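The values are calculated or read from the model by the stated rules, or taken from the named source; none is laboratory data. Given the structure is predicted, the values throughout are model-derived calculations rather than measurements. So basically every Cβ, Gly included, is an ideal-geometry build from the backbone, and we count neighbours across all protein chains shown.
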Amino acid sequence: MSLVQSVDHVALLPAYLAAGTAVLVLLADLLVARAAVTVAVAATGAAATALGAALVGTGGERRTFCVGTDCSYVFGGRAALVAAVVALLTLGVLALSGPLLRAGRIPVGEYCFLLACAMTGGVLLGAAGDLITLVVALETLTLPLYVLVGLRRGSLAGAEAAVTFFVVSVVATALTLLGAALLYAVTGTLHLDRLGATLAASAEVRDLPLTTVAVALVVVGLAFKVAAVPFHAWAPATYDGAPLPVAAYLSTASKLGGVVALLAVVQRALPATVTGPVLALLAVLTMTVGNLVALRQRRTVRLLAWSSVAQAGYVLAPLGALALAAGRTADARTAAYAAAVAYLVFFVLLELAAFAAVVALRPADGDGGSLADLRGAARRHPWVGGAFALALVGLAGLPPGLAGLFAKVTVVRALLAGHAGWLALVVAVNAVLGLAYYLRLVATLYAAPGPATARPARTVVAAIGVATALAVVVGFAPQLVLDLAAH
Amino acid sequence: MSFGEFLLVAVLALPALGAVAAAASPGDRTGRLVGTAAAALTLLATLPLVGGEHGWVGPQSGVQPWHQLDLPWVPGLDLRFHLGVDGISWPLVVLTALLTLLCCGYTLWRVPAGGGSGRTLVALLLVVEVGILGTFLALDLVLFFLFFEVVLLPMYAIIAGWGGADRRRAARKFVLYTLFGSVLLLVGVYVVVAAAGTADLVALTGGSRLSRGTQLAAFTLLALAFAVKSPLWPLHSWLPDAHTQAPTVGSVILAGVLLKMGTYGLIRVAVGVAPEGARWAAPVLGVLAVAAILIGSLVCLAQDELKRLIAYSSVGHMGFVLLGVATLTATGLQAALIGNIAHGVITGLLFFLAGAIKDRTHTGSLVDLSGLRETAPRLAGLLGFAAVASLGLPGLAGFWGEAFAVIAAVRRGGGLWTTLGVLAALGGALTAAYFLRLLRRVSHGRPSPAVGPLAPGLAGAELTAWAPLVLLALAVGLAPALVLSYASGPVNALLGVLP
């Protein structure tokens, strides 16, 4: 075996672009030192990364950093989708950050640099072919967020949120790494596909108690990142303490990263006989607890946070079909993974639109406030309010939020294709619970007017417009997303 | 694109575009006018749908649409944009278009108090119409589910935006309860689709592609979903609150056609797709239907609120419809279809009248209403007509559905069905009792303080809105063939493919 690897730089192009963005932002901040330039560099870089990922993704699968047939970096259709979505989410969050950065309590250069770093992690994540690359990518995505959460000067809530997030996240990473190490001890490999093949081939290795422990540790560690119940307690506090755009990033890009990592190990490496039941249980708990607690929330961001906990449950639900033998046929598995990815794409779109609307309707430097602060907002700002209502209804999964409706339909269809009718019923009943609190927020928006608020910033309105337009398009043509997800 | 396909698209596109135009109109009155015009055009577009090939070509297919349109939409979810119309759906389609037009026209004259603008209300009514028409026209299971869900939020907004004092709670109860039904429908739909590999209702009707176990599961889920919507006792408790709080036009649409989505779905989807399941569950359905008739009537006898009474009477009437479906005979299904139409016409009229009385007297309590005949004889006369039609006087629309449902049950034979038929007939007598009680309380006696100052006249808009319903109640009563002649072919086709 040659020790000199040939590196496919085209496959790495999206990662180069993302990392280059971070470096350029840093340089621009040092040399030009003008906020507008720094933000513009970051935004251009994010757009270039999305474009690069899409272009490389259309050219078929590319592998590099290979040892024999096992590759640590596999840039295929799904990796391209994840990379492009993360880059676009970064762009969206940058647009949302306008009012926050102008308020002056956050250093612009550092903020953009950290965001670009997180983007780099997200871009790498989908392409990770072994457990170490996966954990490193995930940490690259999360690490800047610890700082971003607490970056606001003089904010005690921000600092508290950052510490909570940091501690929980580090513990989760440690668990995942421990699981990876144990898996290595048992099988002698870290490459996802090789792990999957080894565990599938040898029942002896698969039935070792140590293997079960290792698999459980990896799954639990990643479940922390996804904020799946019972590993969710950090999420609402962190979201509420973070600046609003960062909370938006946490609940979209960061959540996407966690799910993609979980999906990678479940699909390619770990035996479905162990992960299936665990994921089914996690999904049921996550949906139900998330929705039930969200019912009682009186603060906007906490409500969205708990709802995004519940949404993670819907994302995991199709994977729960793996719990039954009928759900482990090749067809059912493919459908389940595709459904999870499709749901995720629909979800981040609607979630970004919802957070963007909260940013637009709240004062520049403010937090999410209570529900009462949004009273009558849709009457004063009919377009922004309407987009907010559409996003919320979509998250609830009802028309006219067709994107969200098709997302739920995709999940239910995958579950029934895998003969997991009971889980489909749980998803269905949870949709009813979900509507109760989304509807309360929508009703508040359209209630008799409360205090007046300022005009929303232009970049934020643009972000809402783009996200809503995309949501409407994929609402009428969901096949676009389904095709992308099935790659 | 043939004329039939064009009409099918137009029937859905006209109200949808009308809703957008009404909401976007500069002035409130302009918006209401635009919306009403769209509703009128929709009604015009539904009428020529009756043309086309009606022949019953043989027993090979359980659904033989007069016109259909089949386009791919989302292959990944087995969803096709497949519309079609036949004798089961066409009368309901026309009824929907008619009631929406009447409601829009009524809104032109009076916007209910509550804060919302009139054009928004008209736009929402049109969106509800799109959902209901789509449900009746869909020949793809997933598309059916999609349209079934479309009505939820606009109807919620109508109740919450223009309703009575306790409207928010009632609206929330309505939307959560009926969403519960919808999500069961979603699961049921994909149970069928996953097992059969297609969502095409034409191919699925007859159930030949499904195993018995799948059919039982699918029928349970689908029947529960439709039972919530219809509503079937004991899943009806959202209905009285929603009706009491909804504005007049909301109540009319809700009782007139929204409930029919449930009974129509039961016939077309639940019975059509899972006939084995239907046969298996028929006794339970029959018992529940008769329980609904009896309990609905008994509750009505003790009811002191006008709109609530009419709402509970709907529970009883839908019980007759469901009893007809449960017999799974040609007579029973025909009874269900004509019962559907009759209930839509008569209850629509009753809710219009109840709304008029409430608007004039500001009370719906029977205790405070008496002597309406003295001060407002025309209103009292119309109320009397509607009540008598509703209680099933021969010669008026309400009679056929109830009578044939009872006959179908008795003819089905056996101890259970005969008992059910007898009990249902008893329920019919109770219906007469509570409507006569209503008339005695409201129109007779000495005028109460609330009724005393009423002017005897009726507004032109009111007469215009009510006259078509009065005429239809008479027409369907005197010539039931109006509905039955269209329905007999499709019903026989449906029964022909059932095992």
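Points worth noting:
- Criterion: crowded, with 21+ Cβ neighbours inside 10 Å and either at pLDDT 85 or above or not in a loop (DSSP other than H, G, I, E, B) (or both) - qualifying residue of B:Leu108, B:Leu126: B:Leu126
- Top-ranked residue of segment A:420-459 - restricted to ones that are farther than 21 Å from A:Ser370 by Cβ, of a type outside the set (D, E, K, R) and not in a helix (DSSP H, G or I), ranked as farthest from the other protein chains (Cβ to nearest Cβ): A:Ala457
- Neighbours by Cβ (under 9 Å, 6+ apart or cross-chain): first from segment B:71-82, within 7 Å of chain A (Cβ to nearest Cβ); second surrounded by fewer than 21 Cβ atoms within 10 Å (Cβ to Cβ): B:Val74/A:Ala477; B:Val74/A:Gln479; B:Pro75/A:Gln479; B:Gly76/A:Gln479; B:Gly76/A:Asp483; B:Gly76/A:Ala486; B:Leu77/A:Gln479
- B:Leu125 vs. criteria under 19 Å from the mean Cα position of the chain (by Cα), away from every other protein chain (no Cβ under 14 Å) and within 26 Å of A:Gly376 (Cβ to Cβ): yes
- Residue among A:Val37, A:Val74 that alone is at pLDDT below 95, β-branched (Val, Ile, Thr) and not in a strand (DSSP E or B): A:Val37
- Which listed residue, of A:Ala364, A:Ala387, is at negative phi, assigned to a loop (DSSP other than H, G, I, E, B), hydrophobic (A, V, I, L, M, F, W, C) and away from every other protein chain (no Cβ under 14 Å): A:Ala364
- Being in contact (Cβ under 8 Å) with a residue 60 or more places away in the chain and of a type outside the set (Ser, Thr, Tyr) is a property that does not hold for A:Ala223.
- Verdict on A:Val301 being free of Cβ contacts under 8 Å to residues at least 60 places away in the same chain and in a helix (DSSP H, G or I): no
- Checked against (1) touching a His at 6+ places or on another chain (Cβ under 8 Å); (2) without any contact (Cβ under 8 Å) to a residue 60 or more places away in the chain, B:Ser390 passes all but a single condition, namely (2).
- Qualifying residue in segment B:221-238 (condition: among the polar types (S, T, N, Q), over 14 Å from B:Gly277 (Cβ atoms) and either within 14 Å of the chain's Cα centre (by Cα) or crowded, with 22+ Cβ neighbours inside 10 Å (or both)): yes
- The helices (runs of 4 or more DSSP H) located wholly in segment A:194-244 that include 1 or more residues which are touching a Phe, Trp or Tyr at 6+ places or on another chain (Cβ under 9 Å) and among the β-branched types (Val, Ile, Thr) occupy A:209-226, A:234-241.
- Test: residue in segment B:211-220 that is crowded, with 24+ Cβ neighbours inside 10 Å and under 30 Å from B:Leu254 (Cβ atoms): yes
- The selection criterion, being within 16 Å of A:Pro14 (Cα to Cα), among the aliphatic types (A, V, I, L, M), modelled with pLDDT under 95 and under 17 Å from the mean Cα position of the chain (by Cα), does not hold for A:Val56.
Residues checked against (1) modelled with pLDDT under 85; (2) within 21 Å of the chain's Cα centre (by Cα):
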position: B:Ala408; (1), (2): no, no
position: B:Val422; (1), (2): no, no
position: B:Gly427; (1), (2): no, yes
position: B:Phe435; (1), (2): no, yes
position: B:Ser448; (1), (2): yes, no
position: B:Ala459; (1), (2): yes, no
position: B:Val476; (1), (2): no, yes
position: B:Ala479; (1), (2): no, yes
position: B:Leu482; (1), (2): yes, yes
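- From the options A:Leu124, A:Leu114, A:Leu17, residue that is within 19 Å of the chain's Cα centre (by Cα) and surrounded by 24 or more Cβ atoms within 10 Å (Cβ to Cβ): A:Leu124
- Elements of the type helices (runs of 4 or more DSSP H) sitting completely within segment B:141-203 and holding at least 3 residues that are in contact with a strand residue (DSSP E or B) (Cβ under 8 Å, 6 or more places away or on another chain) and more than 7 Å from chain A (Cβ to nearest Cβ): these cover B:141-150.
- Residues (part of a helix (DSSP H, G or I) and crowded, with 22+ Cβ neighbours inside 10 Å) located in segment B:429-443: B:Thr431, B:Tyr434, B:Phe435, B:Leu438, B:Val442
- Taken over segment A:399-419, the criterion of being more than 21 Å from the chain's Cα centre (by Cα), in a helix (DSSP H, G or I) and within 22 Å of A:Val348 (Cα to Cα) is satisfied by A:Arg413, A:Leu415.
- If the condition is being in a helix (DSSP H, G or I) and either crowded, with 23+ Cβ neighbours inside 10 Å or within 11 Å of chain B (Cβ to nearest Cβ) (or both), then segment A:367-384 contributes A:Leu374, A:Ala377, A:Ala378, A:Arg379, A:Pro382, A:Val384.
- Total residues in segment A:401-416 satisfying the condition of being at the interface with another protein chain (Cβ under 7 Å from one of its Cβ atoms) and either surrounded by fewer than 24 Cβ atoms within 10 Å (Cβ to Cβ) or among the basic types (Lys, Arg) (or both): the figure is 1.
- Flag for B:Thr363 being more than 21 Å from B:Leu254 (Cβ to Cβ), among the hydroxyl-bearing types (Ser, Thr, Tyr), surrounded by fewer than 24 Cβ atoms within 10 Å (Cβ to Cβ) and touching a residue at least 12 places away in the same chain (Cβ under 8 Å): yes
- Just one residue in the set A:Gly52, A:Gly60, A:Gly45 is assigned to a loop (DSSP other than H, G, I, E, B), farther than 18 Å from A:Thr133 by Cβ and of a type in the set (Gly, Ala, Ser); that residue is A:Gly60.
- A:Leu482 passes every criterion in (1) away from chain B (no Cβ under 11 Å); (2) over 16 Å from A:Glu351 (Cβ atoms) apart from (1).
- Boolean, A:Arg105 is part of a loop (DSSP other than H, G, I, E, B) and either touching a Phe, Trp or Tyr at 6+ places or on another chain (Cβ under 7 Å) or touching a residue at least 12 places away in the same chain (Cβ under 8 Å) (or both): yes
- The listed residues are B:Pro91, B:Pro65, and the only one of them that is within 17 Å of B:Leu133 (Cβ to Cβ), of a type outside the set (A, V, I, L, M, F, W, C), in contact (Cβ under 8 Å) with a residue 12 or more places away in the chain and part of a helix (DSSP H, G or I) turns out to be B:Pro91.
- The lone criterion from (1) touching a residue at least 60 places away in the same chain (Cβ under 8 Å); (2) away from chain B (no Cβ under 14 Å); (3) buried (at least 24 other Cβ atoms within 10 Å of the Cβ) left unmet by A:Ala354 is number (1).
- Qualifying positions in segment A:64-90 - aliphatic (A, V, I, L, M) and within 25 Å of A:Ala42 (Cα to Cα): A:Ala79, A:Ala80, A:Leu81, A:Val82, A:Ala83, A:Ala84, A:Val85, A:Val86, A:Ala87, A:Leu88, A:Leu89
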